[in-house]
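As structure tokens, the structure follows; a few thoughts come after it.
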Amino acid sequence: MSLHLSVLIICNQSNGNQEIKRISRIEEEREKYQLVKRENINSINFIYHYKFNNFSDLATLNQEIKLFENLNKIVIDRCDLNVIKQIEFNNIKIQDYYLSNHSTNIPISLATNVKEIANLSIAPNNLSSLIIDFFKRSIKVKRILEIDYYSPCQIPFEELLPSKVLSCVKNYDLVILTIRDLYYLLKSSPNLKRLSFYICFDNLIYQLTNKKTPPCKCSLVKNGANNDDEYFDQTWINNYNTNNNENDNFNNDQDIDQFKFYWDFISNEIKNHTKLSFLKIVNKCLINHDSGSNYQKESSFPQEFVEKFSYPFKMNNSIRAVMFNGFHTPEIYEKIIINGNKSIFHYHSEFLDHTFQKKIEYKESIEKLLSKNHHIKYFLLKDKDNNNYLLNYSK
């Protein structure tokens, strides 16, 4: 019977000489109990010294690997692919991989022994073609994060959908999405457990109320790249269409139908999701950097928006924690909790405006709500001045 143990190997640099140092855990354990044997070890983990990105003696390393007859996986925290491809083992998992236009790494396609990446970080200003090329190989990616929170999402979800390469992704930490992005993300990633993204609330409210509220600047941006009539939330397309023309009424109706198609799918997908456990949504707009200037001026959300936005959350049974940053009134939380959701235990809300004047009323409203709903373990309120108000009514 395999003991599911790992051997840690530290690659270090000492006095200018590169060396491989294997922790003597095997020998120590054998001396104590005569239990841990090479044939019982099924995975090896490599831990890199931060100054060192090369193995000094790959031949020696490859000989060592062959001594573990039941080895089925090697896990490496980070490494040059030029090194990894020379490791004579066909099932390697990389913990952290940085995808960039300026990377000195060889293409991932040449490191054919890499089968899995735990965390894929996508640098700013990547081309969609680079991301598509990366996923041409059948590599399991567990988590994808974008590291520039002031850029639009770069992942071409629609193009990647047919290949099903995102079906293994369980965690997304993304920048600014459009509703269309979110639609294709959910279609592409059925095993999703954690999702974090930014979206323009002004535009979302504008769309969910059938354009009855003031639009954001980004609401007037059309997707010139696809040459269709859908208004997008964001703005890598610098193609404004603010002038009236004879087709405006037709286009507006078409926009509403297109948005409704995407939202209906998103709403039903979240409502019926059985794996999603954490969701974070933050208000941010690329065009209007003072995002939230419209909806936060109002004393309450439009009722139509409250109903449509809260519906999938109050019906979902898998989500355990939510973070909604930018809600200036507690209406959404009231709708979710009062209407019977008992599966969400953790709530986090952050005010985005330094001048927000209704903190006390907001806090009192949440306290009243929680006093009658003891299944909630905690509700964290936070403002821009980093003042935290932790409300806990769990028994």
Practice problem: Provide the FRET efficiency to the nearest 0.05 for the LYS372-SER100 pair, computing r from the beta carbons and using R0 = 41 Å. | Solution: 0.25
Quiz item: With every protein chain present, what accessible area does LYS342 have (1.4 Å probe, heavy atoms only), rounded to the nearest 10 Å²?
Solution: 110 Å²
Quiz item: Straight-line reach from LYS37: which lysines have Cα under 29 Å away, leaving out those fewer than 8 places along the same chain?
Solution: LYS21, LYS66, LYS73, LYS85, LYS93, LYS115
Quiz item: Considering only protein heavy atoms, what per residue accessible area in square angstrom results for the stretch 66-189 with a 1.4 angstrom probe?
Solution: 43 Å²
Self-check item: Neighbour net charge for PRO312 - beta-carbon separation under 14 angstrom, K R +1, D E -1
Solution: +1
Self-check item: Distance between the stretch 69-115 and the stretch 136-209 - C-alpha centres, whole angstrom
Solution: 24 Å
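Mind giving me the FRET efficiency for TYR389 and THR60? R0 is 51 Å, r the Cβ-Cβ distance, nearest 0.05 is fine.
Here the calculated transfer efficiency is 0.35.
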Self-check item: Charge sum, other residues only, whose C-beta stays under 12 Å from TYR172's C-beta, Lys/Arg counted +1 and Asp/Glu -1
Solution: +3
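What FRET efficiency do you get for LYS164 and ASN268 if R0 is 25 Å and r is their Cβ-Cβ distance, rounded to the nearest 0.05?
It comes out at approximately 0.75.
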Quiz item: Pulled fully out, how much extra length does the chain show between LYS136 and ALA321, if you take 0.36 nm times their separation in residues and subtract their Cα-Cα distance?
Solution: 63.2 nm
Quiz item: Under a straight-distance cross-link criterion of Cα-Cα below 20 Å, which lysines are reachable from LYS212, leaving out those fewer than 8 residues away in the same chain?
Solution: LYS222, LYS260, LYS297, LYS308
Practice problem: Stick to the Cα atoms of the stretch 94-168, pair each with every other, and give me the Kirkwood hydrodynamic radius in Å at one decimal. | Solution: 12.7 Å
Self-check item: Point-charge dipole on Cβ atoms (K/R +1, D/E -1) for the stretch 111-190, about Cα centre, debye to 20
Solution: 420 debye
Quiz item: Excluding SER163 itself, what net charge comes from residues whose Cβ is under 11 Å from its Cβ, given Lys and Arg +1 and Asp and Glu -1?
Solution: +2
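The values are calculated or read from the model by the stated rules, or taken from the named source; none is laboratory data. Every value quoted in this text rests on a predicted model; they were computed, and no experiment measured them. Using ideal geometry, Cβ is built from the backbone for each residue, glycine included, and neighbour counts are taken over all protein chains shown. Heads up: the accessible areas ignore ligands, DNA and RNA and are worked out on the full protein's heavy atoms, side chains in. Shrake-Rupley method; radii C 1.70, N 1.55, O 1.52, S 1.80 Å.
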